[in-house]
Amino acid sequence: RAQRDAIEAPAGPLLVLAGPGAGKTYCLIERIRFLIEELHCDPARICAFTFTNKAAGEIAHRLGHRLGPAASRITRGTIHAFCAELLRELGPLVGIERGFGIADEDYQLSVLRRIEGPRRWHRYTLNRFSAYRFRGLPLLHDDSRLFAQYERFLATRKVLDFDTLVISAASLLETAGENARVHERWDAILVDEF
């Protein structure tokens, strides 16, 4: 019953809280189908994203199976792909030049190895960088130095890591005019996991 309520809710903000295996992705796919078939929402005015490439692929597959050709008109992918696309278009407004590269975790680890040499804790270091950026947790002195070097290394190569993609896109959306401009693109934005 709870899934049906979420799927068939009137258009507007909706939050579905559920644990693993509860059918969140099923609910998202059926919600999109409901928006299109019952509420007559244009598929091109729907945006759906998730956190991992695997989940994004699963959503694309399920949408294609459930909706056929209409699925290709839905904007979908990972949150990082969404942010990258937005920044490729509007990034100069927040100091991001077009044509930037994207550093995945392997690239980030190779940067840390290049700056600091081999070390077992580089993944942990990246987690501390994220905690600093998103939650404002302080960096220790050595981490502060390493973080500055890391940021300089990426900046000189015009490369953004996943955290910077999200932070820069959020900064862009805090600009009133651009927020309204981006907001006008979609009638429904659905997020599989956050």
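The values are calculated or read from the model by the stated rules, or taken from the named source; none is laboratory data. Quantities reported herein were computed from a predicted structural model and do not represent experimental measurements. Methodologically, a virtual Cβ is constructed for each residue, glycine included, from the backbone with ideal geometry; neighbour enumeration extends over all protein chains shown. The protein model used for the area step is the full one, side chains on, heavy atoms only, and it has no ligands, DNA or RNA in it. Shrake-Rupley method; radii C 1.70, N 1.55, O 1.52, S 1.80 Å.
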Count of residues meeting criterion [free of Cβ contacts under 8 Å to residues at least 60 places away in the same chain and either within 18 Å of A2 (Cβ to Cβ) or open to solvent by less than 20 Å² (accessible area, probe 1.4 Å) (or both)] in segment 21-37
9
Need the failing condition index for S130 against (1) under 22 Å from E85 (Cβ atoms); (2) small (G, A, S); (3) free of Cβ contacts under 8 Å to residues at least 12 places away in the same chain, just the number.
(3)
If you check F147 against the conditions, is it free of Cβ contacts under 8 Å to residues at least 24 places away in the same chain, closer than 22 Å to I96 by Cβ and either out of contact with any His (no Cβ under 6 Å at 6 or more places or on another chain) or in a helix (DSSP H, G or I) (or both)?
yes
Within segment 38-54, is there a residue that is surrounded by 11 or more Cβ atoms within 10 Å (Cβ to Cβ), of a type in the set (D, E, K, R) and touching a residue at least 60 places away in the same chain (Cβ under 8 Å)?
yes
Looking only at segment 129-145, and only at residues there that are open to solvent by 50 Å² or more (accessible area, probe 1.4 Å) and among the basic types (K, R), the one that is modelled with the highest pLDDT
R135
When restricted to R62, R76, the only residue without any contact (Cβ under 8 Å) to a residue 40 or more places away in the chain, open to solvent by 70 Å² or more (accessible area, probe 1.4 Å) and outside any helix (DSSP H, G or I) is R76
Output the residues belonging to segment 150-169 that are of a type in the set (S, T, N, Q) and either under 30 Å from H183 (Cα atoms) or surrounded by 15 or more Cβ atoms within 10 Å (Cβ to Cβ) (or both).
T164, S168
Based on this model, can you work out whether V111 counts as closer than 30 Å to R31 by Cα and assigned to a helix (DSSP H, G or I)?
no
